[in-house]
1. Put +1 on the Cβ of every Lys and Arg and -1 on every Asp and Glu Cβ in chain B; which of B:Ala123, B:Pro180, B:His198 then has its Cα farthest towards the positive end of the dipole?
2. If you take every DSSP beta bridge fully contained in the protein assembly as shown, what fraction is antiparallel? Give it as a percent rounded to 5.
3. If each of A:Ala273 and A:Phe74 carries a label point 7 Å out from its Cα toward its Cβ, how far apart are those two points in nm?
4. Quick one: give the max-minus-min coordinate of the C-alpha atoms of chain A along each principal axis, largest first, in Å.
5. Can you give the direction-averaged projected area of the convex hull of the alpha-carbon atoms in the stretch A:147-221, in nm²?
6. Provide B:Ser116, A:Ser112, A:Ser259 in ascending order of the number of other Cβ atoms located within 10 Å of each residue's Cβ, fewest first.
7. I'd like the distance separating the alpha-carbon centroids of the stretch B:24-38 and the stretch B:176-226, in whole Å.
8. If the elastic network links every pair of Cα atoms under 10 Å, which of A:Gly180, A:Gly209, A:Gly125 fluctuates the most in the Gaussian network model of chain A?
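Throughout, read-outs are computed from the coordinates displayed, never taken from laboratory work. What you are looking at is a predicted structure, and each value in this text was computed from that prediction instead of being measured. Here the Cβ is made from the backbone with ideal geometry for all residues, glycine too, and neighbour counts use every protein chain on show.
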Amino acid sequence: MMQLWYFLVDLLPFEWAQTGSMYFMKNALLAVLVISPLFGLLSTMVVHSRMSFFSDALGHSAFTGMAIGAICGFGEPTWAAVVFAVVFAVLFNLVRRRSALTSDTVIGVFSSTAVALGIFISTLGGRSFTKFNSLLIGDILSVDPGKIGLLALILLAVLALWAVSFNHLMLSTVHPALAGSRGVKVFWQETVFSVAIAVVVTLSMTWVGLLVINSLLVLPAASARNTARNMTQYHLFSVLGAVVCGVAGLMTSYYLGSSAGASITLYLAVWFALSFSARKKV
Amino acid sequence: MRKIKHGKLVSGCADACCLKLEGLNVRLDGEPILSDVSFHLHCGEIVALIGPNGAGKSSLLRAILGQLPYSGSITFSPAGGPAIRLGDPTGTVKGTRPLVGYVPQSPTFDRGDPLSVLDFFTAATSNWPVCLPVPTRYREQAAACLARVHGEDLLDKPMGSLSGGQLQRVLLALALDPVPHILLLDEPLSGVDVEGEHQLLDMLDELRTQYDLSIFLTTHDFATLEHFADKVVLLNKQVLKAGSPSEVLSSPEFYRTFHLRMGKGGEE
């Protein structure tokens, strides 16, 4: 698989695309081509169901999961973080369902608890926080083929989830009682979706960076909403915007030596500004 | 607006098609929301549910939909057939549980929501994921359903751009696919202008004769009650009064509930 990819990239007329060198850049490009449509797709539903604050909170909980994983001495703390984020998402849905508080308040409660717990654990016994700094910024150039394969599997899983339950999820966000009257299991739909975001955010945090990861879940669909008139256009614009900005951001980071996650986000911000100035009149 | 009534207020259902609520109790977090609610709703009848805010009107609809736990019984008997108990797991046998159509209190859509009427309709009635372009056959299906409420021209409009009356018609078309035995509408007249209101009420009248539906709706619009409702139920956690519109609207219970002064011989 990777040999085929390297062969294809070698055909490109870039300095880093020469045969037999710069594999980290070629891997990073492939990773961006997998991550960006994944985020473009999830973004449509994050924005539609007004969960952008929730996905932000998940990023924070993912960091706490990493800290817990590290203190428990796991060689690969990412998996501990995935488990923690999934528990966080399920617990959040349960509390939101039973509480009379609005979603943003419940998210605030969970988010601040998770951050405090993460800082508490990672600084326990006077340890330095600096080893977590790399998580905040992220480093796409460190991605290896195995991780790209994992992300590709997740992209396939999210595509399958969309094919099976996009309609139900969308109806649940429009009107839970109406969705219920048509046989939709609203609570399960919401839980499965938030677990999906939890897994994706946690697994890609290392490469995208905790501080900007939420922008990838908000900006593509926010830009698409400016111009889209139906669901097909909405998805098309969101995924397309994410991929174009993802590749452009990676290139810019290569030539300017800046962080890839931040560069991608800035392109998305420009993309948003452009779509805003061309927004539909309703 | 036509004035049609077949409101013989029979208390027993005999062999007629009928939805029966008996001794219905709903509690939420320990607080009683509805207590001992009993009444009958016959096919072809339009029954209006009125009551102050917080009287439990929406909860009653949700109990009939099976979305709230309750005690007591809700049964539906098709014409000449055996009674089916709603919300009872044994009643969910295929083909026997009545179909309940539900028109919710107007959901809000952002004006910029990229959700067309076609997307909304297809998402609710088919397995086709609407993030992909909708194939012609689903489009035709949706158009046919919208034609029932004279709304074919709304198909490509974004949901957020519909007027109150148009939105109610789209939601009504959705509730009629498949054609239900019982149609529940939660505040269908709120946010709808006078013209839209007449159009909607005429449509309900047309539907109940065409499909022999039981129509049950909540409303705050007392002025039009006499024109369309066969029966009115006044609810405030329990049934305070039920009967013909004129009976209920002139009852002391009605005046007391809404803090109105009665005419001569009345009370405060």
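1. B:Pro180
2. Working: 22 of 39 bridges.
The antiparallel proportion sits near 55 percent.
3. My value for the distance between the label points is 4.0 nm.
4. Computed over the Cα atoms, the extents are 58, 57, 34 Å.
5. Details: hull surface 21.9 nm².
So the mean shadow area of the Cα hull is 5.5 nm².
6. Values: B:Ser116 25, A:Ser112 12, A:Ser259 20.
Ordered from fewest to most neighbouring Cβ atoms within 10 Å, B:Ser116, A:Ser112, A:Ser259 come out as A:Ser112, A:Ser259, B:Ser116.
7. Answer, in whole Å: 26.
8. A:Gly125
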